[in-house]
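Participant: Pasting a structure below so you can have a look.
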Amino acid sequence: MSDNPQIFIPSHPLPADRTGLLTAFNPGGRTLVAGSRIAPPFKPLPIDIVLEKDVAVPLRDGVTIYVDVFRPVGVEKVPVILAWSPYGKGQGTSVSVMGIFGLVGLDNGIVSGLARFEGPDPAYWCAQGYAICNPDPRGIIDSEGNSVLWDRQEGRDCHDLIDWLAEQAWCTGKVGMSGTSYLAVAQWFTAAEQPKHLAAINPWEGVSDVYRDLLMRGGMPDIAFGQRLQEGSFFGKNQKEDFISQ
C-alpha cells in the first residue's frame, strides 16, 4: 500500500477507441514473422520476434499484474527495456493512438504498431538485440488491484517486475527503462527503490512536481489536464485513485 491516505473511485473498461489488436486477454507465446505487419498501416517487422502475451507476474503483496514481452528469436540472452504506464499495453493499433500520429503529421508506417503509447517500438529494439516489456500496472485493464498515480506503490511494483524480468532464462539480468511523460516519471519512482537489476533509465519530458506542474501551476488551480488524465486513463476492472479530489 501507499504511505499516504488515498481516495478511490470506480474504474471502467477500456473504451473502443482505446482498444488495439493486442488488447484482448490471450495468454501464450507466439512468433511474429519477419516481413509481416500487425495491420496494413504499419511497418513490416525487420526480424522474427517472440511475443509472450499476458504473462502473469506476482507482486510482493500477492497482487498479479500482466505483461507483454517482445524479444528476438534465438537462444542468446538479451537485456530488456521496460516501459511502465497506465495507458494499456496493447493500444498501439488503436484509433486514439493512430490519430495522435495524424495530428502531428506523422505516418503510422514509421512504426510497427507493437509499441505502447509513448514507449519504445519493439520492432526496432528487438532488431538491436533488446527485449521490450510492456506491463499493465496494478489495476490497469486485466491486472489485479487498484491503480494509483505516480506513487511509491508504482516504484515498488516496478521494482518487483524488474526482479522478475532479470530472472527470466532469456534475460542477461540487466533491465533498463525508457519512455516519455508518464513513463518518465515512473522511472524516477522506480529508481528511488534501487532495484539491483536496474541498469539504466531514460526519462524525458516528465513532470518533476505533480502538485505544482500538474494541478497548481504557478500557485493557481489548473486541473484541466489532470482531470483529463484521471478520466481518460487508468481503465480497469477495479478502482482508480481520485488524485483530483485529494
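Each row is one residue, and each column tells you yes or no for (1) part of a helix (DSSP H, G or I); (2) in contact (Cβ under 8 Å) with a residue 24 or more places away in the chain; (3) of a type in the set (A, V, I, L, M); (4) under 22 Å from V63 (Cα atoms).
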{"position": "S208", "(1), (2), (3), (4)": "no, no, no, no"}
{"position": "D213", "(1), (2), (3), (4)": "yes, no, no, no"}
{"position": "F225", "(1), (2), (3), (4)": "yes, no, no, no"}
{"position": "R228", "(1), (2), (3), (4)": "yes, no, no, no"}
{"position": "S233", "(1), (2), (3), (4)": "no, yes, no, yes"}
{"position": "K237", "(1), (2), (3), (4)": "no, yes, no, yes"}
{"position": "S245", "(1), (2), (3), (4)": "no, yes, no, no"}
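Participant: Pairs under 6 Å by beta carbon, first residue surrounded by fewer than 19 Cβ atoms within 10 Å (Cβ to Cβ) in the stretch 68-92, partner of a type in the set (D, E) and not in a strand (DSSP E or B), six or more apart or different chains?
Facilitator: Close Cβ pairs (under 6 Å, with a partner that is of a type in the set (D, E) and not in a strand (DSSP E or B)) amount to V73/D48.
Participant: Answer yes or no as to whether A199 is in contact (Cβ under 8 Å) with a residue 60 or more places away in the chain, touching an Asp or Glu at 6+ places or on another chain (Cβ under 7 Å) and surrounded by 12 or more Cβ atoms within 10 Å (Cβ to Cβ). Lay out the reasoning, then the answer.
Facilitator: Working: in contact (Cβ under 8 Å) with a residue 60 or more places away in the chain: yes; touching an Asp or Glu at 6+ places or on another chain (Cβ under 7 Å): no; surrounded by 12 or more Cβ atoms within 10 Å (Cβ to Cβ): yes.
Criteria not met by A199.
Matching residues to (1) under 20 Å from Q168 (Cα atoms); (2) of a type in the set (A, V, I, L, M, F, W, C):
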site: W84; (1), (2): yes, yes
site: S96; (1), (2): no, no
site: G105; (1), (2): no, no
site: G113; (1), (2): no, no
site: R116; (1), (2): no, no
site: G119; (1), (2): no, no
site: A127; (1), (2): yes, yes
site: N134; (1), (2): yes, no
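Participant: Inspect all residues belonging to the stretch 156-179 and state whether any of them is among the polar types (S, T, N, Q), in a loop (DSSP other than H, G, I, E, B) and open to solvent by less than 20 Å² (accessible area, probe 1.4 Å). Please lay out each step first, then the result.
Facilitator: Looking only at the stretch 156-179, we keep the residues that are among the polar types (S, T, N, Q), and these are 168, 172, 178.
Subset that is in a loop (DSSP other than H, G, I, E, B): 168.
Narrowing further to those that are open to solvent by less than 20 Å² (accessible area, probe 1.4 Å): none.
So far as the stretch 156-179 goes, no, none of its residues is among the polar types (S, T, N, Q), in a loop (DSSP other than H, G, I, E, B) and open to solvent by less than 20 Å² (accessible area, probe 1.4 Å).
The values are calculated or read from the model by the stated rules, or taken from the named source; none is laboratory data. No experiment lies behind these values; they were computed from the predicted model shown. Here the Cβ is made from the backbone with ideal geometry for all residues, glycine too, and neighbour counts use every protein chain on show. Remember, those area values only see protein heavy atoms, side chains included, never the ligands or the DNA or RNA. Shrake-Rupley method; radii C 1.70, N 1.55, O 1.52, S 1.80 Å.
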